[in-house]
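Colleague: Attaching a single structure in structure tokens format; questions to follow.
The values are calculated or read from the model by the stated rules, or taken from the named source; none is laboratory data. Bear in mind that the values here come from a model prediction, so they are computed numbers and not experimental data. Note that we place each Cβ from the backbone using ideal geometry, even for glycine, and neighbour counts take in every protein chain shown.
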Amino acid sequence: MNTKVIIGIAVLVVVVGGGYLLFRGQKGTTQPSNPTNNSSQTTTTNTQNPTSEPGKSVAVEEATITYTSSGFSPSKITVKSGGKITWVNSSDREVAVGANPHPLHTGNREVSGGEFTLNLKPGEQKTVTVEKVGTFGYHNHLNASEDGTIVVE
Ligand SMILES: [Cu+2]
């Protein structure tokens, strides 16, 4: 009888103890898998950034193009259809924004507020709305070598 009881207790200890070790073992296996998940999330985030880069610039609702003595900046912008472009003359001379091609300006005159040229004296600014979708060039009609591109999406 005593021997059977001792064997029974020994079996219980082995089963319970083994089960505890097994449980700890599983926990130990679960913990390293969390950093693996985190690193895969980081990888996903890194993948998303290069994905947005081939699209170059993201279309915005409102953009500002500043004219200085060195020309228009940024030289290329992307805005949403129905978005607004604010022209700012930060130079010390007048600028006349015209749609390409120079000198006829037969392109998208939305960029110049529907006018042949959008004229800004030093320090002035004007906002126009663009709706036609496409890629449109513009230039300074007073110095046509100064130009830029507006992409409307
Ligand atoms: Cu022109």
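Colleague: Of the residues in region 94-117, how many are within 11 Å of the ligand (Cβ to nearest atom) and either of a type in the set (A, V, I, L, M) or on the phi > 0 side of the Ramachandran plot (or both)?
Modeller: 5
Colleague: Looking at (1) surrounded by 13 or more Cβ atoms within 10 Å (Cβ to Cβ); (2) away from the ligand (no atom under 14 Å from the Cβ); (3) of a type outside the set (D, E, K, R); (4) assigned to a strand (DSSP E or B), can you tell me which one Tyr138 breaks?
Modeller: (2)
Colleague: Further question: Before we move on, is Ser91 surrounded by 15 or more Cβ atoms within 10 Å (Cβ to Cβ), more than 16 Å from the ligand (Cβ to nearest atom), modelled with pLDDT of 95 or more and part of a loop (DSSP other than H, G, I, E, B)?
Modeller: yes
Colleague: Name the single residue that is farthest from the ligand (Cβ to nearest atom) among those in region 65-88 being touching a Gly at 6+ places or on another chain (Cβ under 9 Å) and part of a loop (DSSP other than H, G, I, E, B).
Modeller: For region 65-88, the residue satisfying everything is Pro74.
Colleague: Let me ask something else about it. Tell me yes or no: at least one residue of region 42-54 is more than 16 Å from the ligand (Cβ to nearest atom), surrounded by 14 or more Cβ atoms within 10 Å (Cβ to Cβ) and either among the hydrophobic types (A, V, I, L, M, F, W, C) or modelled with pLDDT under 95 (or both).
Modeller: Taking region 42-54 and keeping what is more than 16 Å from the ligand (Cβ to nearest atom), we get 42-54.
Narrowing further to those that are surrounded by 14 or more Cβ atoms within 10 Å (Cβ to Cβ): none.
No, because not a single residue in region 42-54 is more than 16 Å from the ligand (Cβ to nearest atom), surrounded by 14 or more Cβ atoms within 10 Å (Cβ to Cβ) and either among the hydrophobic types (A, V, I, L, M, F, W, C) or modelled with pLDDT under 95 (or both).
Colleague: Just give me the residues in region 110-134 being among the aliphatic types (A, V, I, L, M) and surrounded by 17 or more Cβ atoms within 10 Å (Cβ to Cβ), in sequence order. Give the derivation first.
Modeller: Pass one, region 110-134, residues among the aliphatic types (A, V, I, L, M): 111, 118, 120, 128, 130, 133.
Matches in region 110-134: Val111, Leu118, Leu120, Val128, Val130.
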